[in-house]
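Okay, structure first, notes after.
The values are calculated or read from the model by the stated rules, or taken from the named source; none is laboratory data. Computed from a predicted structure; not experimentally measured. Please note: Cβ atoms are built from the backbone with ideal geometry, for glycine as well, and neighbour counts cover all protein chains shown. Heads up: the accessible areas ignore ligands, DNA and RNA and are worked out on the full protein's heavy atoms, side chains in. Shrake-Rupley method; radii C 1.70, N 1.55, O 1.52, S 1.80 Å.
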Amino acid sequence: MITSVTAIGGLLGLIVSLVFLAVQTRAVSKQVAASNNLAGTQSLDHTFAGLREIHFKMLEYPGVRAYFYEGHPLPIQEPDRERVLIIADSLADVLDSGIQVTRRIPQNESEEDWASYCRYLLERSPTLRAVVSEHPKWWPDLAALS
């Protein structure tokens with residue numbers, strides 16, 4: 001009789017432990033998902049900050065934006081040529097990083113939006129397209145869109 005009561009008590013203890021473990025596992029799972037989402041959001045914020053920085057640089061030099069959004073060919077004369085090439089390199093860095101970030105964020109709804117924006121810039125900017133096609137291994141995800 002005592003062994004039966006002890007066995008039943010042990011079994012009940014095991015059941016309670018398993019239920020408690022399941023509750024803890026669910027809580028940890030939610031916490032990990034929230035942490036991943038936060039990390040993804042921070043990475044995306046970093047990408048947007050980089051894009052803003054490039055746009056502010058375009059503001060410093062009126063007319064530079066046209067080389068990326070309005071289809072103007074790469075200027076021939078310095079210093080405009082060098083300036084546009086440097087901005088193109090920086091823009092390619094940000095765009096490629098954004099592709100990687102949006103792909104890795106769980107349940108991200110902006111991956112296709114970002115890819116669409118990248119394709120738009122590649123279509124509109126002969127300079128960006130040339131820079132990326134000249135060094136596709138530097139920006140592999142961006143090169144794959146062209």
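Would you mention how many residues in the range 1-17 are exposed (fewer than 10 other Cβ atoms within 10 Å of the Cβ) and either aromatic (Phe, Trp, Tyr) or at pLDDT 70 or above (or both)? Final tally of qualifying residues: 4.
One line per residue, one yes/no per condition, for (1) among the hydrophobic types (A, V, I, L, M, F, W, C); (2) touching a residue at least 12 places away in the same chain (Cβ under 8 Å); (3) over 18 Å from LYS57 (Cβ atoms):
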| position | (1), (2), (3) |
| --- | --- |
| ALA88 | yes, yes, no |
| SER97 | no, yes, no |
| GLU109 | no, no, yes |
| CYS118 | yes, yes, yes |
| HIS135 | no, no, yes |
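Taking the criterion of being of a type in the set (Lys, Arg) and within 15 Å of TYR117 (Cα to Cα), the only residue of the range 47-64 that qualifies is ARG52. Taking the range 57-146 as the region of interest, the helices (runs of 4 or more DSSP H) fully inside it that hold 3 or more residues being buried (at least 16 other Cβ atoms within 10 Å of the Cβ) are 80-104, 111-124, 126-134, 140-145. Checked against (1) charged (D, E, K, R); (2) modelled with pLDDT of 75 or more; (3) open to solvent by 90 Å² or more (accessible area, probe 1.4 Å), ASP45 meets all criteria but (3). Mind checking whether some residue in the range 69-84 is aromatic (Phe, Trp, Tyr) and within 18 Å of TRP139 (Cα to Cα)? Within the range 69-84 (the criterion being aromatic (Phe, Trp, Tyr) and within 18 Å of TRP139 (Cα to Cα)), the answer is no, since none of the residues qualifies.
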